[in-house]
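The values are calculated or read from the model by the stated rules, or taken from the named source; none is laboratory data. This structure is a prediction, so every number in the text was calculated from the model and none was measured. Heads up, the Cβs are rebuilt from the backbone with ideal geometry, glycines too, and the neighbour counts pull from every protein chain shown. The accessibility values were calculated without ligands, DNA or RNA, using every heavy atom of the protein model including side chains. Shrake-Rupley method; radii C 1.70, N 1.55, O 1.52, S 1.80 Å.
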Amino acid sequence: MRRARACEPEIGVSLCKNRSEQSMFLERLGADAAVYSAFFPYARQEMALARVATAQRDFYHLYTETGAANAEPSGGLYHRTLNRALLPVTGDWVAARIVGPEQALVEAVLPRRTCLSRRAAGTRDDEQPLAANVDVVLLVCGLDGDFNLRRLERYLAVVAGSGAAPVVVLNKADLCTDLAGRIVETTAVARTAPVVAASTVDPGGLDELRRFHAPGRTLALLGASGVGKSTIANRLLGEERFVTAEVRSWDDRGRHTTVRRELTPLPDGGAIIDTPGLRELQLWVGAANVDTAFGDITAIAEGCRFRDCAHSGEPGCAVAEALAGGRLDAGRWGSYRKLRAEAEWREAATDRLAAAERKRKWKAIHKQARAISKSRREGSSIPKR
């Protein structure tokens with residue numbers, strides 16, 4: 001078995017100090033009745049329950065009840081998983097077979113309660129999971145010059161499709177000259193998602209963030225490079241676990257210091273997942289998820305005279321009236337149309353791919369059936385004299 005040292009994180013906290021802590025460690029990381037129920041068939045096969053801390057290609061680092069282990073997928077898991085998006089990712093609960101000191105094979109991925117995904121870069125329409133089984137996504141925005149409401153809207157649409165709860169974090173509040181104004185305009189975009197002003201340099205600057213984590217709860221940090229995700233993670237952990245760097249002075253853009261998604265236990269229970277800054281975030285959500293993120297626009301559209309109103313000049317269009325009256329921001333309307341078109345295109349592409357796959361599958365089945373039928377006819381035919 002190859003050794004998976006390439007993805008092994010430094011263990012920054014003591015996982016288990018005694019046997020009583022061993023029995024509680026996975027519960028503090030989020031293992032609940034649903035996780036143990038899904039794991040039960042594998043427990044009978046003498047496998048171990050584990051959570052994925054890091055996943056890099058086919059190498060994983062796992063947290064188990066008794067410590068940590070390096071792992072890779074078993075041959076069975078790898079070959080029966082046709083959709084690579086279903087292989088282990090950071091945050092997954094897995095059934096692992098211990099094969100040596102701190103070495104394991106992942107035999108199965110337990111059902112994901114939530115999954116934060118984007119469309120993979122490139123021309124293929126593939127899902128790229130970023131993290132699984134996340135409870136709260138902290139959408140971090142920097143207030144030092146790279147603040148972008150349109151980017152935040154895209155992040156909110158992605159989280160709407162994940163099943164996790166979004167929290168918008170306005171970081172570097174100590175550098176903002178109009179914090180109250182930023183909070184107002186961000187709240188208009190975030191709608192029902194909490195908006196929290198934070199600072200990693202002021203004493204108590206993260207106090208309001210701490211109320212979102214608890215034993216068993218998993219937080220994930222999402223945002224562009226340089227917004228302060230790793231610094232926030234370090235403050236919540238109480239140690240300098242993740243490498244950080246100053247933003248570029250001439251444009252306030254960040255440098256990529258985080259190179260992988262990593263789950264780390266929090267000292268008082270729960271876990272936090274730090275993620276690399278995202279250069280692009282293509283949607284892997286449906287149009288309905290975009291509508292959820294833009295609930296104010298969908299509410300306005302319900303007032304249109306026609307049910308199938310395209311909002312492009314039809315009489316009685318409530319959206320046009322809201323735009324003309326200043327109740328709907330033109331920039332937000334344009335962002336909604338762009339994101340919804342992107343989601344609709346992905347849905348249509350997925351339907352075409354699914355239809356092609358069904359056609360290929362049934363073609364193979366019919367071909368096999370014809371071959372079997374032909375074989376039977378030839379086998380039962382009376383030989384010529």
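Here are a few things to note about the model shown:
- Looking across region 112-143, the residues that are basic (Lys, Arg) and free of Cβ contacts under 8 Å to residues at least 24 places away in the same chain come down to 112, 124.
- Within region 62-106, the only residue that satisfies the criterion of being in contact with a Leu (Cβ under 7 Å, 6 or more places away or on another chain), open to solvent by 20 Å² or more (accessible area, probe 1.4 Å) and under 17 Å from residue 261 (Cβ atoms) is 68.
- Test: residue in region 276-293 that is surrounded by 18 or more Cβ atoms within 10 Å (Cβ to Cβ), in contact with a Leu (Cβ under 8 Å, 6 or more places away or on another chain), at pLDDT below 95 and not in a helix (DSSP H, G or I): yes
- Scanning region 107-131 for residues that are outside any strand (DSSP E or B) and open to solvent by less than 40 Å² (accessible area, probe 1.4 Å) turns up 110, 114, 120, 125.
- Within region 244-275, being closer than 24 Å to residue 119 by Cα, among the aliphatic types (A, V, I, L, M) and modelled with pLDDT of 90 or more holds for 263, 272, 273.
- For beta carbons closer than 6 Å, sequence separation of 6+ or different chains, a first residue in region 33-56 that is closer than 26 Å to residue 101 by Cβ and a second that is basic (Lys, Arg) and assigned to a strand (DSSP E or B), the qualifying pairs are 47/97.
- In region 1-32, residue modelled with the lowest pLDDT [restricted to those that are in a helix (DSSP H, G or I), open to solvent by 80 Å² or more (accessible area, probe 1.4 Å) and over 16 Å from residue 104 (Cα atoms)]: 19
- Filter result for residue 328 (closer than 25 Å to residue 185 by Cα and open to solvent by less than 20 Å² (accessible area, probe 1.4 Å)): yes
- The set of residues in region 53-73 that are part of a loop (DSSP other than H, G, I, E, B) and touching a strand residue (DSSP E or B) at 6+ places or on another chain (Cβ under 6 Å) contains only 58.
- In summary, residue 348 fulfils each of the numbered conditions (1) in contact with a Leu (Cβ under 9 Å, 6 or more places away or on another chain); (2) open to solvent by less than 70 Å² (accessible area, probe 1.4 Å); (3) under 20 Å from residue 154 (Cβ atoms) with the single exception of condition (1).
- Residues satisfying the criterion are absent from region 74-81 (criterion: closer than 23 Å to residue 162 by Cβ, modelled with pLDDT of 95 or more and either charged (D, E, K, R) or assigned to a loop (DSSP other than H, G, I, E, B) (or both)).
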